[in-house]
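What follows is calculated from the coordinates using simple rules that are stated; it is not laboratory data. Only a predicted model underlies this, so the values are computations on that prediction, with no experimental measurement involved. No Cβ is skipped: glycine too gets one built from the backbone with ideal geometry, and neighbour counts run over all protein chains shown.
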Amino acid sequence: MMPVLFTWGDISVRSYLVFTLVAISAAVILIRYYEIPYLKARGQCPPNIFKYNGEALLLAIIFTIIGARLGYVITNWSLYSANPINILALWRGGFAFHGALIASLPAAALHAYYRRMPLGKLLDLSIPYIVLAYGIGRLGCFLNGCCYGQVTALPWGMVYPAVDSFVRHPTQLYAFSAALIIFLVLLNINRKNISRYVTPGGLTFAWFLILHGSYRFMVEFFRVSEDLIGPVTPAQVVSFVLILGGTVFLWIWKNRIGGDIHD
């Protein structure tokens, strides 16, 4: 592992912070300078999204960071109860993607309403790149040595020296691989349904809820996590809710909004 990428005088540049910044930057750049111009060139860019995309991205970054940090702190309060000032030490790591999702969705909804942007379409065009950013962030977890897995005898298991000498599942790399696959699937759904941007959006986001929820539910069996009830972890509970919500919305989209999604 390499929690510190390099030092500059008395300053230590941590890998987790660097990869978090790279992840956010990649999502912002790809959405603003690739996806939105791509749609605009084909006459499919939803109303006002091109005009207010910079504002929307800034709000998304702010609420994503706040939500991700609070989500981690709430579920790991024992790490901060003795010295709450450490909550502000973001460079040390400690973010929860589910917290980011929960915090950013209401913010996106309010901004979309205020600027009269279609929320479903805004989520559809941005969610593939958010998933890609999530995967990049997991590489930072890998170098930081956090979010590691259970002990395993599998040949691709790895030792995390900062933890112990046991061979463990590299769950951060599982997450990165899953994120790449989900990113490609969601981008393909967007491309196949590009002409449907004239209809209410949400199809791609619904598939994100199902795919991300399924991946996270499964990877929790290999990851070291605090149990909630028996073998069920808090992340699995949230993942189940995401899968259920995505499935319900997909059914609604297919039967009441979008018609046959295979047309």
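Of note:
- Per-residue packing, averaged as other Cβ atoms within 10 Å, sorts the ranges 81-90, 216-225 into the order 216-225, 81-90, beginning with the highest.
- Gain on full stretching of the segment that runs from Thr247 to Arg115 - 0.36 nm per residue minus C-alpha separation: 44.7 nm
- Relative packing of peptides 149-157, 6-14, 127-135 - highest average C-beta neighbours within 10 Å first: 127-135, 149-157, 6-14
- Using just its DSSP H runs of length 4 or more, each adding -39500 (n - 2.57), the chain gives a mean residue ellipticity at 222 nm of -19500 deg cm²/dmol after division by all residues.
- Charge tally in the Cβ shell below 14 Å around Ala68, where Lys, Arg are +1 and Asp, Glu are -1, Ala68 excluded: +3
- Model label sites at Tyr38 and Met218, defined 7 Å from Cα along the beta-carbon direction, differ in position by 2.5 nm.
- Viscosity 1.002 mPa s, 20 °C: Kirkwood-radius Stokes-Einstein D of the chain over Cα pairs, µm²/s: 110
- Under a 5 Å amide H cut-off, with hydrogens placed 1.01 Å from N, Val4 pairs with Ser15 among residues at least 5 apart or on other chains.
- Database remark: amide H of Val159 closer than 5 angstrom to the amide H of Arg168 (H placed geometrically; neighbours at sequence offset of 5 or more, or on other chains; Pro and chain starts carry no H).
- FRET E, pair Ser12, Ile87, Förster distance 22 Å, beta-carbon r, rounded to 0.05: 0.65
- Backbone geometry of segment 143-149 corresponds, through the Karplus equation with coefficients 6.51, -1.76 and 1.60 at θ = phi - 60°, to 3J(HN,Hα) couplings of 5, 6, x, 9, 6, 7, x Hz, x marking Gly and Pro.
- Here the label points at Leu180 and Trp156, each 7 Å from Cα along the C-beta direction, are separated by 1.0 nm in the simple model.
- Karplus (6.51, -1.76, 1.60) ³J(HN,Hα), θ = phi - 60°, over segment 11-18, in Hz, Gly and Pro reported as x: 9, 9, 8, 7, 4, 4, 5, 4
- Point-charge dipole on Cβ atoms (K/R +1, D/E -1) for the chain, about Cα centre, debye to 20: 780
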